[in-house]
Amino acid sequence: MRPHLTKYVPSATAIGRRTFILGGLTVAGAAGLTHASASVSRADPFRLGVASGDPSSSGVVLWTRLAPSPLDDDGHGGMPNANVDVQWQLATDERFANLVAGGTAVARYDAAHSVHVEVGGLAADAEYFYRFRTRRHTSPVGRTRTAPAPGRSGELSMAFTSCAHYEHGYFTVYRRMANDRPDVILHLGDYIYESGAKPGRPRRHTPDHEIATLADYRVRHALHKMDTDLQLAHAVAPWLVVWDDHEVENNYAGLVRERDLPNGGFPARRAAAYQAYYEHMPLRATSRPAQHNMQLYRRVGWGSLATFHLLDTRQYRDDQACGDGWAVCPQASAAERTITGAAQERWLLDGLGQHLGTWDIMAQQVFFARLIKSDGTTGMDGWDGYVASRDRIQRAWVERAVRNPVVLTGDVHAAYANNLLSDYTRQDAAPIGTELVTSSASSGGNGPGAAESFDAEGETVQPEAGSLSNRHIRFHSRLRGYVRTRISPQQMTVDFRAVDRIDERGHRARTLASFAVAEGRPGLQPL
Ligand code: FE
Ligand code: CA
């Protein structure tokens, strides 16, 4: 089957209006067109690359955004005030000799000319290649895949990271993840940071002020998507993304701003941030923002092998207890406190009880296991600030006979491997679950000890792993990096991967430690 790539099909808004065709972009009603905008329209509109995400056993989301001038401060990337048709193709081979699907999508002005194509009707457990076209311009080619059919097992290679502060260094971690060619990549939040530019750093934020408007958030996302290391990682595998706080503002909780900052205008700011996030991520229409909310928690099944429960611990949480930060805080254990909100918790417990796959992988943002500093304080932004939420979920693993719960975590700019315990005061008890915490992709800059380390800037100092009250923490590293896993019906193997320097491009990744988690026996075994 041949998709209609050479034939121009006007978008709905172009019909009945005067239509111009300009260097690959279809412009409806372009009265007052200037020479400058005509030359912009000849520029490559695919400078933000391509991405795919949220695979099912029969389909996947394909993403791109047209932006010939991505950093224009109006947030429209140099595109005209009109909707534009974009053709897409999907094939089983990189040369597109064997096309299996294709069509035309509309890149809408009011969605910053982002394109989300939900392809269906594909074969299960299959690799595909995709690209987009607007007249003369063809996008880079992306590789993606579908999940195995329900009931089918097989193996899965999966990698995840979090926290990519653009100013702190190059995105070598993304490139090294791409080099591994995993089946799926997960991002656990802090894909962007909202802060303004600061001097003396390897790279510089655009806009240079703290972002707050829809245009600001769009430009900041575009800045990231222009990064070639990140583009490579998006083009190599489908991504499953969840946000944390910095996609909006540091440590916000629901509609409560960090610390005691006045809330005025925050719902509108959060809505702008959510809108820009949706526009730049390969998410399904079920995640399209509505008013100032966005449905991000969702399940992605991987045959009978694994179920990804993708959580949102930011949008529905209670405000941090005891003024946030680190504290000795009995209030953090109050029974009514929640980090997920009641509806998401019910949804999660219900999903866990369905035993959909061998491995129940809860991909989320903040530190899940208990972590006590030597002064007795615990972190109020992680699950230690919402102890009852953690207890309810951990109890459900036992009560509902969830054999292989694995929690994936980001946020802390350091790697950890944790055994999860029913009662963290009984350190000798058998683990009931496993937590894998990825370090950051770039936040913090070069590793500890280096002059270029930015870890002191507002990030928590971490206690030693393995100390008496933290013996369930089996591994800890503060180097930048990611976690690589290989998942089979019998075991999950885990490599903690690290890059020593990120103030220069191209450093290698190395494995710091490897563990195995055996099916039916939660907890980490050294490899
Ligand atoms: Fe972060
Ligand atoms: Ca965070």
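The values are calculated or read from the model by the stated rules, or taken from the named source; none is laboratory data. The structure displayed is predicted, hence computed values, not measured ones. A quick note on method: Cβ atoms are made from the backbone with ideal geometry, for glycine too, and the neighbour counts reach across all protein chains shown. Each accessible area value is taken on the protein alone, full model and side chains, heavy atoms only, with ligands, DNA and RNA left out. Shrake-Rupley method; radii C 1.70, N 1.55, O 1.52, S 1.80 Å.
A few points about this structure:
- Rough spin-label spacing in nm, given labels placed 7 Å along Cα→Cβ, for Glu504 and Asp110: 5.1 nm
- Label-point separation, Ala335 to Ala149 (7 Å along Cα→Cβ), nm: 4.8 nm
- Sequentially through segment 475-487, phi angles give Karplus couplings (6.51, -1.76, 1.60; θ = phi - 60°) of 7, 8, 8, 10, 6, 5, x, 8, 10, 10, 10, 10, 10 Hz, Gly and Pro residues having no value and appearing as x.
- With every protein chain in place, the chain: carbon and sulfur % of accessible area (1.4 Å): 50 percent
- A Cβ-based charge dipole, computed about the Cα centre of segment 88-199 with Lys and Arg at +1 and Asp and Glu at -1, lands at about 480 debye.
- Think of it as helices only: each DSSP H run of n ≥ 4 in the chain is worth -39500 (n - 2.57), and spread over all residues that comes to -4500 deg cm²/dmol at 222 nm.
- Diffusion constant of segment 325-424 at 37 °C, which comes from Stokes-Einstein with the Kirkwood Cα-pair radius and 0.692 mPa s, µm²/s: 230 µm²/s
- Amide H contacts of Ser304 (H built 1.01 Å from N, in plane; Pro and chain starts excluded): Gly151, Arg152, Ser153 sit under 5 Å, all sequence-distant by 5 or more or on other chains.
- Glu399-Val256 FRET efficiency (beta carbon distance; Förster radius 41 Å; 0.05 resolution): 0.80
- The coefficient of translational diffusion for segment 175-305, derived via Stokes-Einstein from the alpha carbon Kirkwood radius under 37 °C and 0.692 mPa s, stands at 205 µm²/s.
- Normalised size of the chain, defined as Cα radius of gyration per 2.2 N^0.38 Å with N residues, equals 0.96.
- Two-site label geometry, Ala518 and Glu210: point separation in nm, points 7 Å out along Cα→Cβ: 5.1 nm
- Contact order for the chain, expressed relative to its length and based on alpha carbon pairs under 8 Å spaced 6+ residues apart, stands at 13 percent.
- Taking the chain as a whole, the Cys residues whose C-beta sits 4.7 Å or farther from every other Cys C-beta are Cys163.
- Dipole check for the chain: with +1 at the C-beta of Lys and Arg, -1 at the C-beta of Asp and Glu, and the Cα centre as origin, the magnitude is about 1700 Debye.
- Per residue, the accessible area of the chain comes to 37 Å² when a 1.4 Å probe rolls over the protein heavy atoms.
- The Cβ shell under 13 Å around Val184 holds other residues with a net charge of -1, Lys and Arg each +1, Asp and Glu each -1.
- For Asp125 and Ser469, the FRET efficiency from 1/(1 + (r/R0)^6), where r spans their Cβ atoms and R0 equals 51 Å, is about 0.70.
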